[in-house]
Amino acid sequence: MSTISIIGSGGMAAAIGGLAAKAGHAVEVMSRDAAKARALAEQVGAGATTGTFGAAPAGDIVILAVPYAAVLDVVKHYGEGLAGKHLVDVTNPVASDHMSLVTPEDSSGAQEIAKAAPADADVVKAFNTQFSHVLAAGPTEGHPLDVFLAGDNAEAKARVSAFIESLGLRPRDTGPLSLARTLEHVGLLSLGLVAHSIKHTNFSIGVSLLG
């Protein structure tokens, strides 16, 4: 197993951190609010540690589990501390109307992060199509949750896919990082389902193979 660094202390950080610790990974939590980082490390358990916000993360895989409104500033703050890392973007750059994205039409949240990150950091979009509490609960009735991912670096995607599998989840590679915008629209799809038909968030979006 490996060390997984998580920047953030909210629901997605807790969900991924909890699954990672359960799978035997060493978990490092980093947050602007040191008290929240310590609280999450204690919640995750299994020897999870806290790192100094802005210092180079210990893990090769770094989960960017902060809101999109903050993530670009966070990436710039870490700067070269993220060099050579596999950055996993879990954000959804959703506008206040919950029907559109705040990113340029020819880009995505993940691509904007890639622009802000060191040149040798590899960004992989993943986890953004699952609600945090659904992710934290893991497989339901024996059915693994699908985690869609996109990225330009094959090695980074392979590393992140292996990490996803270690959590008992099923990675689904969708292609290059340009597909991250499509995955972010899946986030909008989920919000639309909550608002207009399903009326709750106890569901997951995945793939059923027929035949």
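Derivation of every value follows stated rules applied to the coordinates shown; laboratory data play no part. Bear in mind the structure is a predicted one, so any value in this text is a computation, not a measurement. With ideal geometry, Cβ positions are generated from the backbone for all residues, glycine too; neighbour counts draw on all protein chains shown.
Quick look at the values:
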quantity	calculated
Hits in segment 28-48 - residues which are aliphatic (A, V, I, L, M), crowded, with 16+ Cβ neighbours inside 10 Å and assigned to a helix (DSSP H, G or I)	A37, A39, L40, A41, V44
Residue that is nearest to Y78 (Cα to Cα), among those in segment 6-27 that are crowded, with 23+ Cβ neighbours inside 10 Å and not β-branched (V, I, T)	G8
Failed criterion for N153 (all others in (1) surrounded by 15 or more Cβ atoms within 10 Å (Cβ to Cβ); (2) touching a strand residue (DSSP E or B) at 6+ places or on another chain (Cβ under 7 Å); (3) under 25 Å from A14 (Cα atoms) hold)	(3)
Which listed residue, of F163, F127, is touching a Ser or Thr at 6+ places or on another chain (Cβ under 8 Å), closer than 21 Å to A26 by Cα and either without any contact (Cβ under 8 Å) to a residue 12 or more places away in the chain or of a type in the set (F, W, Y) (or both)	F163
Restricting segment 84-103 to residues that are hydrophobic (A, V, I, L, M, F, W, C) and in contact (Cβ under 8 Å) with a residue 40 or more places away in the chain, the residue that is surrounded by the fewest Cβ atoms within 10 Å (Cβ to Cβ)	M99
Any chance I16 is in a helix (DSSP H, G or I), within 23 Å of R159 (Cα to Cα) and in contact with a Ser or Thr (Cβ under 9 Å, 6 or more places away or on another chain)	yes
Flag if A162 is of a type outside the set (D, E), crowded, with 19+ Cβ neighbours inside 10 Å and under 15 Å from the mean Cα position of the chain (by Cα)	no
